[in-house]
Amino acid sequence: MKVWIGVTLLIAVAILLVMSQLLPWPFHLHNNDTVQRIYIGSMGISNQRFLPEHEDPSSSEFTQLAAQVSQQLKLIYFKNSMLAKYFNRNSVQAFSEGDSGDNSIVVYYESEFDVPVPERTTVDEAIESLEPPAESEWSQQGQGLLKPSDTLNISSIISQVIDPRLTRSKLTKRKFFNIHVRNRGIVHSPGFPDYPYPPNANFQWRLRAEPGHRVKLDFHTLILEDDCQRDFIKAYDSLAPIEKRALTEQCGNPQKSLSFFSSGNVMLLTLVTNEKENFPGFEASYSQIPLAKQTCPGMFQCSNNKCVSKTSQCDGWDDCGDNSDEINCTCPGKFQCNNNKCVSKSFQCDGWDHCGDNSDEISCIFSACTGMFQCNNSRCVSNTSQCDGWDDCGDNSDEINCIFSACTGMFQCNNSRCVSKTSRCDGWDDCGDNSDEINCNCTGMFQCNNSRCVSKTSQCDGWDDCGDNSDEINCTCTGMFQCNNNKCVSNTSHCNGWDDCGDNSDEINCTCPGMFQCNNNRCVSNTSQCDSWDDCGDNSDEINCTSVVCSAFTFHCSNGLCISKLNPECDGEQDCEDGSDEANCDCGTSLYSSTRIVGGRGANVGEWPWQVSLHFKGLGHMCGASVLSDRWLLTAAHCVQDTTVYKLSQAHKWEAFLGLQVQNQTNEWTVKRGVKQIITHRYYNRYNEDSDIALMELDTRVSLTQHIRPICLPSTTYFFPSGQEAWITGWGTTLQGGTATAILQKAEVKIINSWLCNILLNYRVTGNMLCAGVLSGGVDTCKGDSGGPLSVANSRGRFFLAGVTSWGKGCARIYAPGVYTRVTKYRSWIKQKTGV
Ligand code: 4AZ
């Protein structure tokens, strides 16, 4: 075992060496053994008055005072032999009014040191424990360096090593904004809401309220990358990014409302981004509020004036909600975590996260675990933990390189774990390394490559019964056509224009000698081209025709002429001579049209601005709808049919919530409206759900914003091909028979061929319906989603309303796609009733 510990240590040292070359510049190694370390601090000065000129770094007042501060800081450092040895330079960043009356000022500065690697912690500690020198000390210390008149009365000092993410060498865009918070105003990330924020940026907004006031910052929108190590915003109760003064750090798309208060009259907001994936960013409003008088007797008063128990201070939890109970903390005799919690020093580097932010487990230098096994992550675990089949270390390092021991009465896995003998060859990886699933026998059955046993008839039936497709490889199809997925289909299926294989392999490499080959590979007569009939079934014989007769497959320009281009509307190119294909295109875009968000089922704020939640008074959310204009919504007719108990057809009983993301969480951008009238399609058939479409007119118009925007309506001839990706959204149930969700959900589905869908749904799909879903099941709309949109993006990323969520055979079942009202069929009706 010693050999292994030795090797592990060697590897660890090698990794550390390699890592040191990759670390951001403040920690870059200098002449082999020193690192540059940057400390950021603030200092209260009680014998200097803050002047408006001190805001301007180019003013003589700024430079003069900055020089004095640098000089005096240097003297403070020089009192400590270690700091004196490694000090490099100071630079003053900003000044603000002091707390203690007119004649005081606060200075914010950076100090740079070149520190030998082993001394980093000692220098960090020395910097963090700096105390303001007594006035009398200057006369001895200064010794001619400072004239008495130059001496600054330092009342407080706070300084700390800078967050390394703020000094990444790639942060090429560094910008400061000075904002006076006298009147309410807006601060937003560059480009918001039209463009994503820039990469590799370090933007700092310095917010200054009038003396005797606090700064209040309220976020309306915050949509950043999910990983805070990459992109984040951070607000500080200071004008400099001092960790101990951090009010909050945020990334991703937090759902809660975010409001922050400073304790004094300044606040710093920073946005730091890396080179990868840029998101819409943030928008926040700032204002100033007068400092409140003491109102929390016997308790701690938060900056937002909330009263919390005194024990809440510096306990590592944000009890105030604005983190003001967790700033300015010190931990005498203890280890101070990055979140300011104080934990015992013995918890440092013990392999467990006592801080809650893991800051007690980073920057650890490996030490020995006497009499115990040392994990690769430095944790010490009992020697018996080694090779017992369980990951006691947390990084599995106690379970690698094991020499096997016996598992009495059980099966021993290759990773040494013992599992029940019945785990062998049961098709499940009980060992965790699949060793219980190899070398299996399946008597009378087919043995899959993953060792599962399946019926012999499962072989070559076109379905992956094994789970690893091994029952579908090496198949031969005698007298039939063999698909790429090894399914056998009739020879006549080859090149018949239909995807009989399921993977379309019967429809590729087709030729049509002497005939016209359609895009779906079907062969049609040459005379079928441009005859205004869709002979191909995918209209490909009717596109790119020079002279076109108006038909069901052409776009009708407003001047009466027709063009054959498929879906020409709002594609950014003028196709009609009169430009009518590009008119009325202020629709179908969202905050997300320039960035693509993948993963996660919860929708982001502003991602589906046409989504509406329809509440029936007393019952809450019942159905979805789509915004068509500032006055009209489109929903499903079945949502507004009277039941024996509820008069759902009565307009005044409905409330429409626009710009909503989380049910019952309204905010500045959500709008609630009553409904003036409901127009149900007169051919709505409650027995087969044909014409399941209804319009709702709002009682008053809404303002269209980035959170409330119409979706584009497709023209009568707009074509949504099978296989095209579409998005379903809604607050409906996430399980059949389950409850509705609070957060708006989104999922990607595909348009399903109507002919196939009709077969799957027992011939109940009419021409006024459109199917969409995932044939393998698991993704679908369900109860409560009805009336909501089926949104499809065009070539320019602009969303068109392909369908209105209508019905289905249960929800999310295999081979049972959802059914949507086909909006193209109702385009003229919508125009006639609403003018939209
Ligand atoms: C419903 O009950 C419902 N899977 C809506 C859509 C679907 C099924 C049911 C489609 O409102």
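The values are calculated or read from the model by the stated rules, or taken from the named source; none is laboratory data. Being a predicted model, the structure only gives us computed values, none of them experimental. All Cβ positions, even for glycine, are placed from backbone atoms using ideal geometry, and neighbour counts span all protein chains on display. Ligands, DNA and RNA are stripped out before the accessible areas are found, and what is left, the full protein with its side chains, is counted by its heavy atoms. Shrake-Rupley method; radii C 1.70, N 1.55, O 1.52, S 1.80 Å.
Would you compute the Debye intensity of the chain from its alpha-carbon atoms alone, equal scatterers and no solvent, and pass along log10 I(q)/I(0) at q = 0.10 Å⁻¹ to two decimals? Taken in order of the listed q values, log10 I(q)/I(0) reads -1.20.
For Asp586 and Asn441 in one chain, what is 0.36 nm times their gap in residues minus the Cα-Cα distance, to one decimal in nm?
On the way: separation 145, 0.36 × 145 = 52.20 nm, distance 6.42 nm.
Once the chain is fully extended between Asp586 and Asn441, it gains 45.8 nm.
Put simply, the amide H of Ala94, placed in the peptide plane, has neighbours under 5 Å in Tyr108, leaving out anything fewer than 5 places away on its chain.
Of all beta bridges that DSSP places with both ends in the chain, some 95 percent have antiparallel geometry.
Distance from the Cα centroid of segment 305-320 to that of segment 280-304 is 14 Å (rounded to whole angstrom). For segment 615-699, the spread of Cα coordinates along the three principal axes comes to 41, 29, 20 Å, biggest extent given first. If you plug the beta carbon distance of Ile814 and Cys512 into 1/(1 + (r/R0)^6) with R0 = 25 Å, you get a FRET efficiency near 0.10. Fully extending the segment from Ser754 to Ser382, taken as 0.36 nm per residue of separation minus the present Cα-Cα distance, adds 127.6 nm. The aspartates and glutamates whose alpha-carbon is closer than 19 Å to the alpha-carbon of Lys783, local same-chain residues fewer than 8 away aside, are Asp642, Glu655, Glu689, Asp690, Asp692, Glu748.
May I have the convex hull volume per residue, in Å³, for the Cα set of segment 739-791?
On the way: hull volume 5.6 nm³, N = 53.
Convex hull of Cα atoms, per residue: 106 Å³.
Scanning residues 5 or more positions from Asp785 or on other chains, those with amide H under 5 Å from its amide H are Gly732, Thr733, with H placed 1.01 Å from N in the peptide plane.
The modelled label-to-label distance for the pair Trp533/Lys74, using points 7 Å beyond Cα in the direction of Cβ, is 9.4 nm.
Pairs with C-alpha atoms separated by more than 22 Å, drawn from the list Lys170/Lys216; Lys617/Lys672; Lys617/Lys647; Lys672/Lys825, are Lys170/Lys216; Lys672/Lys825.
FRET efficiency for the Glu53 to Asn491 pair, using the beta carbon distance and R₀ = 56 Å, is estimated at 0.05. The accessible surface of segment 158-284, taken with every protein chain in place and a 1.4 Å probe, is 49 percent carbon and sulfur. Listed by chain and number, the lysines whose alpha-carbon sits under 20 Å from that of Lys345, ignoring those within fewer than 8 places in the same chain, are Lys244, Lys334.
In terms of its Cα atoms, segment 167-291 spans 41, 28, 21 Å along the principal axes, sorted from long to short. Site-free segments of the chain were taken between chymotrypsin sites (Phe, Trp or Tyr not before Pro) in DSSP loops having at most 10 other Cβ atoms within 10 Å, sites themselves excluded; the longest one is 1-686. Length, then width, then depth: along the principal axes, the Cα atoms of segment 682-836 run 41, 34, 34 Å.
Would you mind getting the Kirkwood hydrodynamic radius of segment 284-328 from its Cα pairs, rounded to one decimal in Å?
Details: mean 1/r = 0.0895 Å⁻¹.
That comes to 11.2 Å for segment 284-328.
The simple spin-label model puts a point 7 Å past each Cα toward its Cβ; for Thr311 and Gln64 those points are separated by 5.4 nm. For Arg89 and Ile400, a Förster radius of 45 Å and the Cβ-Cβ distance give a FRET efficiency of 0.45, rounded to the nearest 0.05.
From the C-alpha gyration tensor of segment 266-306, pull out the three semi-axes of the equivalent ellipsoid (sqrt of 5λ each), sorted largest to smallest, in whole Å.
Working: eigenvalues 244, 32, 15 Å².
Output for segment 266-306: semi-axes of 35, 13, 9 Å.
Accessible area per residue for the chain, computed on protein heavy atoms with a 1.4 Å probe, is 47 Å². Counting only aspartates and glutamates at least 8 places from Lys310 when in the same chain, those with an alpha carbon closer than 16 Å to its own are Asp318, Asp319, Asp322, Asp325, Glu326.
Between 0 and 90 degrees, the angle of helix 2-22 with respect to the longest Cα principal axis of the chain falls at about 90 degrees. Here each label is just a point 7 Å from Cα along the line to Cβ, and for Trp390 and Met410 those points are 1.0 nm apart. Short to long, the 5 Å bins of the Cα pair-distance histogram for segment 30-82 hold 4, 14, 19, 22, 16, 11, 8, 5, 2, 0 percent of all pairs.
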